[in-house]
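Enquirer: My questions will all concern the structure given below.
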Amino acid sequence: MRVVVTGLPDDITEEQVKEALGKFAPVDAIKLHKDSGAPTAVIEMEMTPTQADKLVRRIEGRIYKGRKLGAWVPLGGWN
C-alpha cells in the first residue's frame with residue numbers, strides 16, 4: 001500500500017521517515033518530493049487497506065517538528 005504524508009519539515013530525510021513509520025509496518029520504499037512547499041513523502045508499505053487507513057488516522061493532524069502533518073492513501077497516480 002502507498003501512504004502519502006504531507007507537511008514534513010524542509011530538512012527531513014528518507015531515513016527519518018523510515019525510522020518514524022517503521023514501528024507501524026516495514027517500509028519498503030520512500031520517495032520524497034521537495035519540489036514546492038513542504039516536502040511530501042510517498043511511502044510503500046506491506047499492509048492491508050484497513051491497516052493503511054488506521055495509519056493515516058494516526059498521522060493526520062499530528063505535529064512533527066512544529067509542522068502539522070497530513071496523510072492519505074492515494075487512489076492512484078502517486079509515484
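Enquirer: Which of the residues belonging to segment 28-50 are over 16 Å from residue 12 (Cα atoms) and either surrounded by 15 or more Cβ atoms within 10 Å (Cβ to Cβ) or within 11 Å of the chain's Cα centre (by Cα) (or both)?
Expert: The answer is 44, 45, 47.
Enquirer: Let me ask you something else. Exactly one of (1) small (Gly, Ala, Ser); (2) surrounded by 12 or more Cβ atoms within 10 Å (Cβ to Cβ); (3) without any contact (Cβ under 8 Å) to a residue 12 or more places away in the chain is unmet by residue 61. Its number?
Expert: Result: residue 61 fails condition (2) only.
Enquirer: Still on this structure, please answer the following. Only residues in segment 21-32 that are aliphatic (A, V, I, L, M) count as the first member; pair them with residues that are in a loop (DSSP other than H, G, I, E, B), Cβ under 6 angstrom, at least 6 apart or cross-chain, and list the lot.
Expert: Short answer, once both residue conditions are applied: 25/47; 32/39.
Enquirer: Additional query: Every residue in segment 45-63 that is in contact with a strand residue (DSSP E or B) (Cβ under 9 Å, 6 or more places away or on another chain) and either of a type in the set (Ser, Thr, Tyr) or over 18 Å from residue 7 (Cα atoms) (or both), please.
Expert: The answer is 45, 46, 47, 51, 52.
Enquirer: Hey, can you tell me all the residues within segment 49-71 that are modelled with pLDDT under 90 and of a type in the set (Ser, Thr, Tyr)?
Expert: Of everything in segment 49-71, just one residue is modelled with pLDDT under 90 and of a type in the set (Ser, Thr, Tyr), namely 64.
Enquirer: Look through segment 21-38, keep the residues that are under 18 Å from residue 61 (Cα atoms) and in contact with a helix residue (DSSP H, G or I) (Cβ under 9 Å, 6 or more places away or on another chain), and return whichever of them is modelled with the highest pLDDT.
Expert: Among those residues, the one meeting the criterion is 21.
Enquirer: Select from segment 5-19 the residues that are outside any loop (DSSP other than H, G, I, E, B) and buried (at least 18 other Cβ atoms within 10 Å of the Cβ) and list them in ascending order.
Expert: Within segment 5-19, 5, 6, 17 meet the criteria.
The values are calculated or read from the model by the stated rules, or taken from the named source; none is laboratory data. Note that the structure is predicted; figures quoted are calculated from it, not measured. All Cβ positions, glycine included, derive from the backbone under ideal geometry; neighbour counts span all protein chains shown.
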